[in-house]
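One structure is given here, and the rest of the page talks about it.
The values are calculated or read from the model by the stated rules, or taken from the named source; none is laboratory data. On a predicted model such as this, the values are computed, not experimentally measured, just so you know. With ideal geometry, Cβ positions are generated from the backbone for all residues, glycine too; neighbour counts draw on all protein chains shown. With ligands, DNA and RNA removed, areas are computed over all heavy atoms of the protein, side chains included. Shrake-Rupley method; radii C 1.70, N 1.55, O 1.52, S 1.80 Å.
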Amino acid sequence: MDASVRAQFPILDQEVNGHPLVYLDSAATSQKPRAVLDAVRHYYEWDNSNVHRGVHTLGSRATDAYEGAREKVAKFIGAARPEEIVFNRGTTVGLNLVAASYGNANVKEGDEIVITPIEHHSNLIPWQQLAKRTGATLKYIEPNPDGTIDVEAAGKVITDRTKIVAIAYVSNVMGVVHPVKEIGALAHKHGAIIVVDGAQSTPHMKIDVQDLDCDFYAFSGHKMCAPTGIGVLYGKKALLENMEPVEFGGEMIDDVGLYDSTWKELPWRFEGGTPIIAGAVGLGAAIDFLTELGMDNVAEHEHRLAMYAMRRIGEIEGLQVFGPQERKVGIVTFNLDEVHPHDVATVLDSYGVAIRAGHHCCQPLMRWLNVSSTARASFYLYNNEQDIDRLIDALIRTKEYFGDAT
Ligand code: 7TS
């Protein structure tokens, strides 16, 4: 990625606390290129209207833009058809839909749901709740000491009683890529489905849901250059077709009587109410932007940056990095001596370096790591080696500052 890519993100061109901004919090949310900002603005300035109802020109344009974005998403993740793409507010909503709709209908007492202790709360609590509602048992795949997950470990907990296996493709704390294709094949062998949390994978690598052969795949637009408020649930047609909606109202019905109603066909039956039209337009523009860069190039850039960051961070004494040495995705989580991660993030911010500190919505993982919180730097296509050098410099100063203070 050359400087011209970074130049397309206007927000990066500013000073924070007297220093040029270094944004290293893209795992929380990514920044947006001008092409996305322009597409959303253009939509509101020219095409804004509600979809699927008006016969007027703006209504048709808005509908075309919204449904056009669905086609782009389908192509981007290798789905067989656009009706397998359900728009929603984000990963959290998609995973909850699967748990509430597919889960309620297919999981009963004595069944098993298999996840990992590494999951983001959004891919943990919906299954916890489903287990509580149905009397099913929630089981955990034991990670290796470095946070990686093996198919062999999955094989120890997936049984013929397993109905659902849910796992993140990429961990939002340790940046580890999990073998979801192999775990999915194992789940299928036992008659279970595999649900993939794609929040941290879709922005960073080429995704092919048909090749992965996953049954459901959820992700958020805002982590991949699109606006907040738009997300996607991919589901295999054969499964979505047999699922009940969980939200009822306008836009999702076929016929409404006084005492009963019927639903629209896929995917609209899962999109009750006025949808996130401008968000979908923004996501379509983000996909065009990423496709033009090439997802393999994005992945290659991040891999290089992640390995550079691991090397440089390793030079700082007293800094503990969580997860394996080898990194594909640009997420590096660490703690600095006895300094609280919030203090690290605060001092880094005073040097214009934005990172996240906390439990990263992964409290069971924090307990597994035996810490209460960590600091996390996460990179994206607009970051470069200078950003990592600035991170390292600021970390060295933080260490000196707290070293002097104690
Ligand atoms: N799953 C993973 C793996 C995530 O990283 C996140 C968000 C979610 C699910 C939820 O996505 P949402 O768009 O529905 O909120 N992760 C983070 C993070 O790591 N820091 O802030 C948000």
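Derived scalar couplings between HN and Hα for the range 252-266 equal 10, 9, 9, 9, 10, x, 5, 10, 7, 9, 10, 9, 4, 6, 5 Hz in order, rounded to whole Hz, by the Karplus curve 6.51 cos²θ - 1.76 cosθ + 1.60 (θ = phi - 60°), x for Gly and Pro.
The C-alpha atoms of the chain define a longest principal axis, and helix 277-293 lies at about 60 degrees to it. Annotation: per residue accessible area for the range 77-153 equals 38 Å², rounded to a whole number [probe 1.4 Å, protein chains only].
Heavy-atom accessible area for Val347, with the other protein chains in place and a 1.4 Å probe, reaches approximately 20 Å². Each Lys or Arg adds one and each Asp or Glu subtracts one; over the other residues with Cβ under 15 Å from the Cβ of Asp47, this totals -1.
Entry comment: accessible area of the range 291-406 is 45 Å² per residue, from protein heavy atoms only and a probe of 1.4 Å. Pairs over the 24 Å Cα-Cα cut-off, from the set Lys206/Lys328; Lys189/Lys237; Lys189/Lys264: Lys189/Lys264. The phi torsions of the range 98-115, fed into the Karplus equation with coefficients 6.51, -1.76 and 1.60 and a -60° offset, translate into couplings of 5, 5, 6, 8, 5, x, 4, 7, 10, 10, 9, 3, x, 6, 10, 10, 10, 9 Hz, rounded to whole numbers, with Gly and Pro shown as x. Computed with a 1.4 Å probe over protein heavy atoms only, the accessible area of Tyr43 comes to about 0 Å². Apolar share of the accessible surface for the range 37-131: 51 percent from carbon plus sulfur atoms, 1.4 Å probe. Within the range 57-181, antiparallel bridges make up roughly 10 percent of the DSSP beta bridges whose residues both belong there. When the solvent-accessible area of the range 257-374 is split by element, carbon and sulfur atoms take up 49 percent of it, the probe being 1.4 Å.
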